[in-house]
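Below is one structure, written out as structure tokens; comments come after it.
The values are calculated or read from the model by the stated rules, or taken from the named source; none is laboratory data. Computed from a predicted model, the values in this text were never measured in an experiment. Neighbour counts are summed over all protein chains in view; Cβ atoms, including those assigned to glycine, are modelled from backbone coordinates with ideal geometry.
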Amino acid sequence: MASTSIKLDDEMKGRIRSLAQARQRTYESIVQEAVSQYVEREEQRDALRRDTLTAWDEAQTSGLHVTHAEVDRWLKSWGTEDERPKPECRGLM
């Protein structure tokens, strides 16, 4: 494993040390986990953004859509006796 240096203020260092002590882990393991979780979260955020932009482009190209009101009615019906079927996509008229 490669070593990396980062600069942290004294308050953050203290918080990490306290957390490591409370969890009976090393300071380094807390920092490694924090960086790993951050990178994973940001990668997921980037993937979601790309997927959203792709879906938007496809919707713009195809014209297929469902209105907010239709989705809202469908979701509000979940778990009720009158649960509605999912709304169908349709093209622009």
Quick check on region 69-85. Is at least one of its residues in contact (Cβ under 8 Å) with a residue 24 or more places away in the chain, surrounded by 11 or more Cβ atoms within 10 Å (Cβ to Cβ) and assigned to a loop (DSSP other than H, G, I, E, B)? no
For region 12-71, give me the residue count where each residue is of a type in the set (Phe, Trp, Tyr) and farther than 24 Å from residue 88 by Cβ. 2
Only one of 14, 63 is surrounded by 10 or more Cβ atoms within 10 Å (Cβ to Cβ) and touching a residue at least 24 places away in the same chain (Cβ under 8 Å). Can you tell me which? 63
Confirm whether residue 2 is among the hydrophobic types (A, V, I, L, M, F, W, C), out of contact with any Cys (no Cβ under 7 Å at 6 or more places or on another chain) and part of a loop (DSSP other than H, G, I, E, B). yes
Might you let me know whether region 30-37 holds any residue that is touching a Lys or Arg at 6+ places or on another chain (Cβ under 7 Å), of a type outside the set (A, V, I, L, M) and outside any loop (DSSP other than H, G, I, E, B)? no
Which condition from (1) among the acidic types (Asp, Glu); (2) loosely packed, with under 10 Cβ neighbours inside 10 Å; (3) modelled with pLDDT of 95 or more is the one that residue 88 breaks? (3)
